[in-house]
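Working notes for the structure below.
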Amino acid sequence: MNKLVKGGLAAAAGIALLMGGAGSLAVWTASGVTSSGAVHTGHLTLSTGSAGDWSKDYLVPGDTDTYTQTFTLSVLGDDIQVALSSAVGTATSPTLPSSIVATTSYVINDGTTSTNWNGTDAKTLAQGNYTVTATVTVAFDHAATGDMDGAFNLGDVTFTATQL
């Protein structure tokens, strides 16, 4: 046979194999559906009880005054990181003069254990309700004689719980 005929037969056979192979390629697939359930979001709430009082009406240089407030912190979710903060003042008198510094300390109780907490460090809390006792202390600088006869409304204290 001549080379041309052999080449043609080889090409025809190759084309036939390719066409036949393409028709016999089978892809099998299977799938199934399962219920994955629901995902719920949790919460972080803070609810204060009745208001406390400042212990003094007038501060003189060197004085401190304290305000104690108990509130409930409710955590719904797993291992929520929480930071606490407070702000002293009202909308009409939101800031204190630099001679009066406010600091807050917290004691958190999960029903069995009380723990001191500065509030600014994140604390990982399990799901549940916590009783928090906050003590706000204002200190009037002993060298601040220039703030004589000042009126600063300390009446409102805002406590904030922040999920980090």
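Read-outs: derived from the displayed coordinates by stated rules, not from any lab. Keep in mind that this is a model prediction, so the values were computed, not measured. Quick reminder, even Gly has a Cβ in these numbers, built from the backbone with ideal geometry, and neighbours come from all protein chains shown.
Among the chymotrypsin sites (Phe, Trp or Tyr not before Pro) in segment 102-131, none is located in a DSSP loop while being surrounded by at most 15 other Cβ atoms within 10 Å of its own Cβ. Given R0 = 35 Å, the distance between the Cβ atoms of S98 and A126 translates into a calculated FRET efficiency of 0.30.
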